[in-house]
Each structure stands twice: as structure tokens, then as C-alpha cells.
Number of protein chains: 2
Amino acid sequence: MGNKNFTAPACETCTSRHTSIFADLDGGELVRFSFQKGCNLYKSGNTIFNEGSYPSGLYCIHKGKVKIFKNGTEGKEQILRFAKEGDILGYKSLLSDQPFSASAAALDEAVICFIPKKSYFDVLQTNPKLSLKMMQLLTQELKTAETRIVELAQKPVRERLAETILILKETFGFEEDGKTIAISLTREEIANIVGTATESVIRLLSEFKKDGIIDLKGRSISILDNRELVRTANIDD
Amino acid sequence: MGNKNFTAPACETCTSRHTSIFADLDGGELVRFSFQKGCNLYKSGNTIFNEGSYPSGLYCIHKGKVKIFKNGTEGKEQILRFAKEGDILGYKSLLSDQPFSASAAALDEAVICFIPKKSYFDVLQTNPKLSLKMMQLLTQELKTAETRIVELAQKPVRERLAETILILKETFGFEEDGKTIAISLTREEIANIVGTATESVIRLLSEFKKDGIIDLKGRSISILDNRELVRTANIDD
DNA sequence: AATGCTGTATGACTTTTATCATTGTTTACT
DNA sequence: AGTAAACAATGATAAAAGTCATACAGCATT
């Protein structure tokens, strides 16, 4: 795929050292990871792993943005979630020793470390705190997925799109201007999150713009009226 | 709620002794569970726990059928999944120490044991095999949830209803006649699985019947042409 | 047997959403 | 910078699904 091998940054001094799932590991464990892991540079669009293939380790995002997606009916991509700096990928398949149930691809230039299966399980087996953290990560994701199910089952496209914009804001934050969401997605990709047709996304985004809720410049979306966007999303809870 | 306290059946001799998540526990651990747990009889329709309240232990179904659901937009119920004999409930909230993210209710007369939080965590902490099994249960559910997301996002109601019937068959099996699905749900409940309006379920079920795919007698659904039902469901994979 | 309740069925209609076709615009590449 | 390819926008139309209204069936209660 033309992914360059990349000098692995040390785990001990990683930007995500204290925020990632590995925050509780001791120095020795981290040094071992640093020693045993590999690292790759992915260009925007490049595949990190593919649905159906088998995992041989854990991916940890050092830098960059990633989409995780499944191929649904007639090959239509469904984006399940996003991951960024400090997030780990592939742990679900690794834990259950099954092929990847989804694919992952870089959304920009990404630097991603790879911790071999054995290294990971060695630490997992000797560190009960990590086990619990993993379980909590899984339960969190499950909860998010269940909320998503309810929304897809019950909410109209308009509300789902509004909520998607809010989620993108939460996940990636703003540019320096404090209003432009720091992620570049095609209309088709947005449709593949929301679960609708590309044309519907285009039409509704135009409406939101006309109503002064957002602004559009090429692929970038700015939030002008957050309150109204939240109202449009019709969040339950 | 009028749930009767029920003489707790012993875990060591439970029907699900070798199939449940606790299959790997040793005799001593099971005897402790038997000693520390409680047990209740729930009548059809009774609530087991409610979204938003806090868990104080783990539920384990000794006998009966249960629906797990969330309250979505304007109180509309969304059924997330079903559980039956040998399945456990509430572990997600227990693990992450958060309020229940969904409710559970009995679909028939159900006998459900209750293992106190402490008893459960004591075993979890000393038994790494159980940790791994819990994680695998979570990953399995997450995988199912993700598949569900793709289907809700991409498949029409007709296909989702056909698939729902197949899932009900897989989950609850047939009556003695070998074709009638052994679960009694209202049309509204089916709609709350599929994510559609009650009338749409009624109409489509009538169509399926007219096409000779299923038969309907009151609330019970019989599968007449499984092949055609699978075709109608348009399963991806 | 009459009463009411809850759930099922069906028709008429509206709204939402998808699809198809066409044109214009941006992006990415050499 | 020029060019092909990918993407975005918009209108016309069709299909899917939801809503509303009404009627009917089944069942439990009195």
C-alpha cells in the first residue's frame, strides 16, 4: 500500500502517555512496548486493516484521524466510528481471536504504532487494571452503539445529520477560527455515517446553511448556531 | 412489582451450568454464588430493571424470556436484544459502574437469580479466565450491535422484518410442530425491534403470509418457506 | 351476554427519502 | 498551469414508509 515504515516514537514520552488506555502501565511495561512495537506512516485514504483479515497485534494511533467502517449491502460503506490520537484499534478482534469485523482507513496523514499480539497479551495477563480498563472501553463502545441503534431506528435523516455534525465537532474539535470542524469528509462519507443517500446530505446541508445554522466552504463545515443545531438534532436523553 | 421471592436453585446443578459464562468456575466458587445469591419470580410483562437506575449486582436467567430495550424518541421503546435461560443481564453497567443504559422486562414467567456486586467482583478479580470470557461476551455483543447499525442504516423495512423473524427463530427456536417460533410478541413489539411503525409490520406480515413464506395464527408466527425468508432478508456477509 | 379493552387489520393519504439525470465545481495529479 | 477525474449541487420523479381514521377481532371482566 506504500505505507512507509516509520521510526517508532517512544511510548514513555508519547503525547497520549497519560490519556490512553495504557495510562496505568508502569515504566517497564511501556519500555517493553517501545522496544517490541513497530510504526507506520499512512497517507490519507490508505487502509490500516481490512474486514475479514486476521489481526496480529494492536494498533495505537500516534497521530492522525481514522475512520472505522463496514461494507454493507452491495458494498455500500457504513462508517461506524472515528478514532484519533491516543485511540487504539483492532482490540476487539484481538480479544476474541476473530477476523476484523470492520475496516480502518486513514483520513489524513497518520502515524500508527503496532504492538504485537504477544506483547499485548503478556501485559494484559499480568495487569488486572488493564483488563478492567479494556472492559470499560468495550462497555462504553457498546453503550454508544446501542444509542446509535435507537437513533437509526427512530430518528429522521434530518435529525441524524444534525447530530452527526455535533459528534464530528466533539470528536475532532474546531480549527483556529473556533467554528470550523477540524475534519475533511466528502458528502458521501457523511452520508455513510448518517445512513442516507449522498444527495440527501447535500440537500439538508444546504438547508442548514440557508437557515444560518452552519456555513459551508468546500468540504469544511462551520457551526454558526450551535443552539439551533442541537435543537435540530432533537437529542433525547 | 409483585415479584415473588423464589427459592434459589443451586448454581452447581443449574441447567445452564456448562453453557453459561460461569461454565469455567470451580465448584467452590459456584457454591459461594449459590449461598450469596437471591432469586425472583417475574410474571410476564414485569420489569427486571429500569434504564437510569443503578445496578447492585448481576442478573442470571434461570428460566424464561426477557427483552432488553431503551426508551427512544418520545418514549418509543426500542428493543435492543433478547435474553433467555443461561444468559446474564446487567453486567455492562456493573463493569463500568454506571446506571443501566437500558431496561429489561420478562416476556413470560421468568425465574431470575441475582448475584450481589461484591460476590461477582470477588470472583472476577481472582479468576482471569472469567475476565477474558467477559471481554469476549462484550466483543460479541459489540459485533452484533455493529451489524445491526449497518442494517438499520442501509436495509429497507421489508428486509429487516424478514431478518428479525429469522433472528427470533435462532434465539427462541420452534414449538413442537417444528415451524412455529416459540415466542409471543405483539405487532408493536416486533415494530420496536425492526425500527418501523406497527402498521408497516402488520402489512408486511400479511404480505409474507399471502406469499406463502409464513403463517400467522394470532401472535404466533410459523415459518413455511425458510429459503424464501432468507432471500427476502437479503443477508449480506 | 354485554361491556370494554387491547391489539389487529385495512384503506386513504401525506411525508420522507431515494433514485436518476444533468450541470457545475473542486480537487488531485502530471 | 492544465486537465481528467472525482465530487457537489439541483431538479424531476418515484418509491418507501409513516400517519390518521376507522373497523373489526379476541379476550377478560363483570
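The values are calculated or read from the model by the stated rules, or taken from the named source; none is laboratory data. Since we're looking at a predicted model, the values are computed, not measured. All Cβ positions, even for glycine, are placed from backbone atoms using ideal geometry, and neighbour counts span all protein chains on display.
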Just checking, how many residues over the stretch B:198-214 are aliphatic (A, V, I, L, M), more than 14 Å from chain A (Cβ to nearest Cβ) and within 9 Å of DNA strand C (Cβ to nearest atom)?
2
Would you check if there is a residue in the stretch B:10-20 being over 28 Å from A:GLN154 (Cβ atoms) and within 14 Å of chain A (Cβ to nearest Cβ)?
no
Lone unmet requirement of (1) buried (at least 18 other Cβ atoms within 10 Å of the Cβ); (2) more than 10 Å from chain B (Cβ to nearest Cβ); (3) touching a residue at least 60 places away in the same chain (Cβ under 8 Å) for A:GLU109
(1)
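The rows are residues; the columns are (1) closer than 28 Å to A:GLU146 by Cβ; (2) out of contact with any Gly (no Cβ under 7 Å at 6 or more places or on another chain); (3) of a type in the set (A, V, I, L, M, F, W, C).
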residue: A:LEU25; (1), (2), (3): no, yes, yes
residue: A:VAL31; (1), (2), (3): no, yes, yes
residue: A:SER34; (1), (2), (3): no, yes, no
residue: A:LEU58; (1), (2), (3): yes, no, yes
residue: A:HIS62; (1), (2), (3): no, yes, no
residue: A:LYS67; (1), (2), (3): yes, yes, no
residue: A:GLY72; (1), (2), (3): yes, yes, no
residue: A:GLU77; (1), (2), (3): yes, yes, no
Residue under question is B:LYS169, and the condition is that it be over 19 Å from B:ARG81 (Cβ atoms), of a type outside the set (Gly, Ala, Ser) and either within 9 Å of DNA strand C (Cβ to nearest atom) or in contact with a helix residue (DSSP H, G or I) (Cβ under 9 Å, 6 or more places away or on another chain) (or both); does it hold?
no
The one condition in (1) closer than 24 Å to B:ALA83 by Cα; (2) crowded, with 20+ Cβ neighbours inside 10 Å; (3) in contact with an Asp or Glu (Cβ under 6 Å, 6 or more places away or on another chain) that B:ILE213 fails to fulfil
(1)
Among the residues of the stretch A:216-237, count how many are assigned to a loop (DSSP other than H, G, I, E, B) and surrounded by 14 or more Cβ atoms within 10 Å (Cβ to Cβ).
5
Which of (1) within 13 Å of chain B (Cβ to nearest Cβ); (2) over 13 Å from the mean Cα position of the chain (by Cα); (3) among the hydroxyl-bearing types (Ser, Thr, Tyr) does A:SER103 not meet, given it meets every other one?
(2)
Which residue out of A:GLU146, A:GLU163, A:GLU170 is of a type outside the set (Ser, Thr, Tyr), without any contact (Cβ under 8 Å) to a residue 40 or more places away in the chain and surrounded by 19 or more Cβ atoms within 10 Å (Cβ to Cβ)?
A:GLU146
Determine the pairs where a residue that is touching a residue at least 60 places away in the same chain (Cβ under 8 Å), located within the stretch B:44-62, has a partner that is of a type in the set (Phe, Trp, Tyr) and part of a loop (DSSP other than H, G, I, E, B) with Cβ atoms under 7 Å apart, the partner being 6 or more residues away or on another chain.
B:PRO55/B:PHE100
Here, helices (runs of 4 or more DSSP H) confined to the stretch A:111-215 with at least 3 residues that are within 12 Å of DNA strand D (Cβ to nearest atom) and under 18 Å from the mean Cα position of the chain (by Cα) are A:187-194
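Which ones in the stretch B:57-75 are over 14 Å from the mean Cα position of the chain (by Cα), at pLDDT 95 or above and surrounded by fewer than 21 Cβ atoms within 10 Å (Cβ to Cβ)?
Taking the stretch B:57-75 and keeping what is over 14 Å from the mean Cα position of the chain (by Cα), we get B:57-58, B:71-75.
Restricting the remaining residues to those that are at pLDDT 95 or above gives B:57-58.
Matches in the stretch B:57-75: B:GLY57 only.
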Count - residues of the stretch A:176-197 that are within 14 Å of DNA strand C (Cβ to nearest atom) and among the charged types (D, E, K, R):
3
Cβ-Cβ below 8 Å, separation at least six or inter-chain, first residue in the stretch B:179-197 and away from every other protein chain (no Cβ under 14 Å) and farther than 19 Å from B:ILE68 by Cβ, second within 11 Å of DNA strand D (Cβ to nearest atom) and part of a helix (DSSP H, G or I): which pairs?
B:ARG187/B:THR198; B:ARG187/B:VAL201; B:ARG187/B:ILE202
